[in-house]
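The values are calculated or read from the model by the stated rules, or taken from the named source; none is laboratory data. On a predicted model such as this, the values are computed, not experimentally measured, just so you know. Note that we place each Cβ from the backbone using ideal geometry, even for glycine, and neighbour counts take in every protein chain shown. The protein model used for the area step is the full one, side chains on, heavy atoms only, and it has no ligands, DNA or RNA in it. Shrake-Rupley method; radii C 1.70, N 1.55, O 1.52, S 1.80 Å.
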Amino acid sequence: MRIARFSIDGNVAFGAVEGEGPDGLVLDIIKGIPYADFELSGTKVPLSKVRLLPPVLPNKVVAIGRNYAEHAKELGNEVPEVPVAFFKPTTSVIGSGDNIEYPSFSNELHHEAELAVVIGRMCREVPRERVKDVIFGYTCANDVTARDAQKREKQWARAKGFDTSCPLGPWVETDLDPTDLTIQATVNGEQRQLGRTADMIRSIEDLVVHITEAMTLLPGDVILTGTPAGVGPLNVGDEVAVTIEGIGTLTNRVIKRG
């Protein structure tokens, strides 16, 4: 099931996305919240009549760096011995169709297409065999990075945590095998990244076990699983799109921060 979060007439709701094609999609409004047992209301609205919001509002976004060998290589980095984890704040999260604001402290903004894992229940110290039980679904992400600041500051809080640096969407797909999916990024229609989730160094099970050894994850929290090779520059006016097989396409435009 594809679960979207949206606004219409000033109201915010979740809905199940039904239909096919850009003109045939409708939202069946959900009664309650999708992390618990829920019912479909039967009240349907065309997707074209709503504004898509970030599909979740995470308490935290835990991101993993250098989880594809070719990406680590292209930036001159070694594959780390243990997963490199960092946080992106909730203020970095935007939805499909929202604008990425080019930060004033950077002159080298990069796209990073990623598969995002959405957590469905509170969990801590999750054993490997129970990882699937705590996952709500999957969505597309763009770990937008101020690459020059990342190199200059030697840590990633500002470079990867600035406002609008974490586009998520367009919705969460709850019924998906994430082990071998095509993941790609285009800028103004030109392909920049093309990889497969099968090339992750550490699997989703590895990442959930590693992260929950240290912290509790809450419903709606997000794990970014790393990006394949091909990251590159974004400029004001560019349209960047992240497409993941079985999920859909996350699209955002880069604007100058006002």
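General observations
- Whole-percent carbon and sulfur share, accessible surface of the chain, 1.4 Å: 48 percent
- Among the trypsin sites (Lys or Arg not before Pro) found in region 134-237, those both in a DSSP coil and sparsely packed, with 12 or fewer other Cβ atoms within 10 Å of their Cβ, are Lys154.
- Sparse-neighbourhood loop sites, trypsin sites (Lys or Arg not before Pro) in region 94-145 - DSSP loop, at most 15 other Cβ within 10 angstrom: Arg121, Arg124
- Under Karplus coefficients 6.51, -1.76 and 1.60, residue-wise ³J(HN,Hα) of region 219-225 in Hz, glycine/proline x: x, x, 5, 10, 10, 8, 9
- Per residue of the chain, the DSSP helices (runs of n ≥ 4 H) give a summed -39500 (n - 2.57) that works out to -3000 deg cm²/dmol at 222 nm.
- Distance from the alpha carbon centroid of region 210-248 to that of region 59-90 works out to 11 angstrom.
- Under DSSP loop assignment and at most 14 Cβ neighbours within 10 Å, longest chymotrypsin sites (Phe, Trp or Tyr not before Pro)-free interval of the chain: 106-258
- Sequence-ordered 3J(HN,Hα) estimates for region 245-258 from the Karplus curve with 6.51, -1.76 and 1.60 and θ = phi - 60° stand at 3, x, 10, x, 10, 9, 10, 9, 10, 8, 10, 6, 5, x Hz, glycine and proline given as x.
- Protein heavy-atom accessible surface, 1.4 Å probe, per residue over the chain: 45 Å².
- With θ taken as phi - 60° and the Karplus curve 6.51 cos²θ - 1.76 cosθ + 1.60 applied, the whole-hertz 3J(HN,Hα) list for region 126-141 is 6, x, 3, 6, 10, 4, 4, 6, 9, 8, 7, x, 9, 9, 8, 9 Hz, x standing for glycine and proline.
- These residues, Met122, Met215, go from largest to smallest accessible area, 1.4 Å probe, as Met122, Met215.
- Across the cross-link table entries Lys73/Lys151; Lys154/Lys256; Lys60/Lys88; Lys49/Lys256, which are compared at the Cα atoms, the separations over 19 Å belong to Lys154/Lys256; Lys49/Lys256.
- Listed options for Kirkwood radius over Cα pairs in Å are (1) 18.4; (2) 19.0; (3) 19.9. The value calculated from this structure is the one marked (1).
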